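The values are calculated or read from the model by the stated rules, or taken from the named source; none is laboratory data. What you see is a predicted model, and the numbers here were worked out from it, not measured in a lab. As a convention, Cβ positions derive from the backbone with ideal geometry for all residues, glycine included, and neighbour counts pool all protein chains shown. With ligands, DNA and RNA removed, areas are computed over all heavy atoms of the protein, side chains included. Shrake-Rupley method; radii C 1.70, N 1.55, O 1.52, S 1.80 Å.
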Amino acid sequence: MEKIKGALISVFYKDGLAEIVKELDKNGVEIYSTGGTQTFIEGLGVKAHAVENLTGYPSIFGGRVKTLHPKVFGGILHRRDNEDDRRQAAEYEIPQIDLVIVDLYPFEQTVATPGATEQQIIEKIDIGGISLIRAAAKNYKDVAIVPSVNQYGYILDLLRTQNGCTTLEQRRRLAAEAFNVSSHYDTAIFNYFNRTEGIPAFKQSFTEASATHLRYGENPHQAAVFFGDLSAQFEQLHGKEISYNNMLDMDAAVNLIAEFGDSEPAFVIMKHNNACGVAVRPTLVEAWKDALAGDPVSAFGGVLITNRTVDKATAEKINEIFFEVIMAPGYDDDALAVLETKKNRIILKAKSAARCGKQFRSLLGGVAVQERDAKVGGRDSEVKQATDKAVTADELKDLIFANKIVKHSKSNAIVLAKNGMLLASGIGQTSRVDSLRQAIAKAKSFGFDLRGAVLASDAFFPFADCAEIAHKEGIDTIIQPGGSVRDQDTIDYCNANGMAMVFTGLRHFKH
């Protein structure tokens with residue numbers, strides 16, 4: 001425990017300060033202060049030394065310089081266990097300051113004030129206060145720092161219960177909070193200077209050149225910025241600015257279309273990060289027609305992607321519906337002319353660009369990083385026949401197709417497919433049974449015959465109920481990871497009912 005001998009107090013807000021001052025006075029602490037804070041302290045009947053008497057300089061430049069002086073910062077920063085520091089402090093008559101109570105000018109509040117001028121905002125950039133906070137926090141071994149009114153209760157409790165003393169652990173805790181305060185303050189100032197058309201940039205370790213300001217975030221009242229090189233992946237040929245939600249769907253679409261390579265024409269319709277239409281066909285226009293047929297309702301306002309150059313015939317069919325974004329490796333000139341008839345439609349030409357092998361997500365005030373899910377599961381060498389009945393070559397092709405889609409669908413996920421076409425999916429449900437029932441109901445609503453369709457699940461079946469529900473609808477071929485302690489129950493049901501099932505050994509949760 002270290003006794004507080006000297007304290008520097010210089011605050012913008014005085015609420016809650018009186019009791020702390022009285023407690024310091026009670027413990028015989030020498031108090032140094034400035035301007036209005038000194039007046040407040042003396043109004044309590046407590047003596048406070050004026051900082052200008054200590055430094056020999058008055059407050060100058062309209063209050064911009066008050067505490068920036070070696071006698072103030074020396075009193076905070078000199079190391080009590082260092083003989084040279086103690087000698088110099090004595091030689092230059094530098095007092096010992098063991099406690100600093102300071103807050104910062106209300107910069108954010110001023111920025112948010114209607115009609116605030118640039119000069120008014122600039123004058124609320126604190127220099128002395130932020131320097132005092134950093135100095136005291138740096139020397140936490142000897143000095144306690146109270147960086148905002150939020151810590152008043154904590155320091156008052158320490159003063160009352162520990163007779164004006166603090167421990168190293170307590171000072172370290174206060175120092176951590178001090179750097180949190182200073183970091184937040186500096187970020188607010190950065191956002192102000194780095195703003196573009198009223199949209200604040202977010203503090204990241206990226207240069208301004210790598211930032212793309214989006215129309216808005218998930219909702220219009222949320223600002224959004226993309227940090228990365230979007231031009232490395234796409235050339236925008238037409239349309240309005242890209243929004244945050246557009247980019248989420250674009251990312252999901254790019255990841256899914258990559259599963260199909262370029263061996264056959266494929267079309268994907270993405271909505272809210274899930275595929276609502278997918279088809280692989282001999283021609284692009286056929287792929288589009290069958291992708292749309294999977295769910296023509298959800299396709300409204302969706303994001304489209306294909307692995308082929310868009311021709312005029314396909315463009316004319318696409319142009320019949322409203323959609324937000326289309327991505328393709330290229331567009332024939334006459335196809336582009338058709339698509340450009342809607343002025344806000346975002347048309348992107350995809351480039352070949354290496355994708356990051358990591359995925360980043362912000363959560364709980366931090367960032368989680370994981371490896372990208374690069375495996376699929378379903379190729380001949382990767383599947384394990386789980387039932388007596390084997391899958392045919394055509395069934396395996398559909399199973400692989402369905403498994404690619406379920407990998408990129410929100411968990412819990414079930415995908416129903418047939419002849420290289422997505423019939424329906426059940427996504428984001430808390431029960432896998434609910435996901436399956438959702439998929440069945442959706443497929444039926446569009447008139448699909450589920451007999452001969454295949455089923456893909458992103459995770460294992462803990463019970464045989466999904467196999468039973470599927471069988472009653474005429475779905476007799478399943479692909480799933482396997483790995484449940486009750487796998488045998490599902491296998492037994494399939495064997496008893498002439499169903500074929502393969503295990504991949506790869507779960508594909510997507511949260």
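Between the listed residues V485, G62, V100, the Cα displaced farthest toward the positive end of the dipole of the chain, a dipole computed from Cβ unit charges relative to the Cα centre, is found at V100.
Would you mind telling me the share, in percent, of accessible area of the range 230-350 contributed by carbon and sulfur at probe 1.4 angstrom? Answer for the range 230-350: carbon and sulfur cover 51 percent of the accessible area.
Across the accessible surface of the range 2-194, with the other protein chains kept in place and a 1.4 Å probe, carbon and sulfur atoms take up 51 percent. The trypsin sites (Lys or Arg not before Pro) found in the range 32-106 that occupy coil by DSSP, while having at most 16 further C-beta atoms within 10 Å, are K47, R64, R79, R80. Longest stretch of the chain clear of exposed loop sites (GluC sites (Glu not before Pro), DSSP loop, at most 14 other Cβ atoms within 10 Å, sites excluded): 321-511. Counting 0.36 nm for each residue step from T309 to A188 and taking away their Cα separation leaves a gain of 39.0 nm.
Considering only beta bridges that DSSP places wholly inside the chain, some 55 percent are antiparallel.
With a 1.4 Å probe rolled over the protein heavy atoms of all chains, the accessible area of C165, C494 falls in the order C165, C494, largest first. Both radii come from the Cα set of the range 11-66: Rg as radius of gyration, Rh as Kirkwood radius; their ratio Rg/Rh reads 0.99.
Can you give the Kirkwood hydrodynamic radius for the range 1-127, in Å, rounded to one decimal and based on Cα pairs?
With all distinct Cα pairs of the range 1-127 included, I get 16.0 Å.
Here the dipole of the chain is about 420 debye; that uses its Cα centre as origin and unit charges on the Cβ of Lys and Arg (positive) and Asp and Glu (negative).
Dividing the summed -39500 (n - 2.57) terms of all DSSP H runs of n ≥ 4 by the residue count of the chain sets its mean residue ellipticity at 222 nm at -10500 deg cm²/dmol. When you filter the trypsin sites (Lys or Arg not before Pro) in the range 270-372 for DSSP loop state and at most 14 other Cβ atoms inside 10 Å of their Cβ, you are left with K342, K343, K351, R355, R372. The long axis of helix 487-496 is offset from the longest Cα principal axis of the chain by roughly 20 degrees. The slack in the chain from F322 to R361, taken as 0.36 nm per residue of separation less the alpha-carbon distance, amounts to 11.0 nm. Positive end of the dipole of the chain (Cβ unit charges, origin at the Cα centre): among V72, T187, G302, the Cα lying farthest that way belongs to V72. When S409, S431 are compared by accessible area at a 1.4 angstrom probe, the order from most to least is S431, S409. If you plug the beta carbon distance of Q236 and F509 into 1/(1 + (r/R0)^6) with R0 = 35 Å, you get a FRET efficiency near 0.60.
By DSSP, what percent of the beta bridges with both residues in the range 230-350 are antiparallel, rounded to the nearest 5?
Roughly 60 percent of the beta bridges in the range 230-350 run antiparallel, per DSSP.
When you restrict to C-alpha pairs under 8 Å that are six or more residues apart and normalise by the size of the chain, the relative contact order lands at 9 percent.
As a fraction of the 1.4 Å probe accessible area of the range 384-503, surface on carbon and sulfur atoms comes out at 50 percent.
For the range 429-470, the list of trypsin sites (Lys or Arg not before Pro) that fall in a loop by DSSP and count at most 14 other C-beta atoms within 10 angstrom reads R451.
Ordering N403, A137, I269 by Cα displacement along the dipole of the chain toward the positive end leaves A137 in first place; charges were set at the Cβ atoms of Lys, Arg (+1) and Asp, Glu (-1).
Charge dipole of the range 230-350 (Cα centre as origin; +1 on each Lys and Arg Cβ, -1 on each Asp and Glu Cβ, all else neutral): 260 debye, rounded to the nearest 20.
Could you tell me the calculated FRET efficiency between F227 and D492, based on Cβ-Cβ distance and R0 = 51 angstrom, to the nearest 0.05?
Calculated transfer efficiency: 0.45.
For the pair A112 and A90, what calculated FRET efficiency results from E = 1/(1 + (r/R0)^6), where r is the Cβ-Cβ distance and R0 = 51 Å, to the nearest 0.05? Once the sixth-power term is evaluated, E becomes 0.60. When nucleic acids and ligands are ignored and a 1.4 Å probe is applied, T430 ends up with an accessible area of around 140 Å².
Taking the alpha carbon gyration tensor of the range 393-480, multiplying each eigenvalue by 5 and rooting it gives semi-axes of 16, 14, 13 Å, largest first. So what is the accessible area of the range 230-350 per residue, in Å², with the probe set to 1.4 Å? That works out to 39 Å² for each residue.
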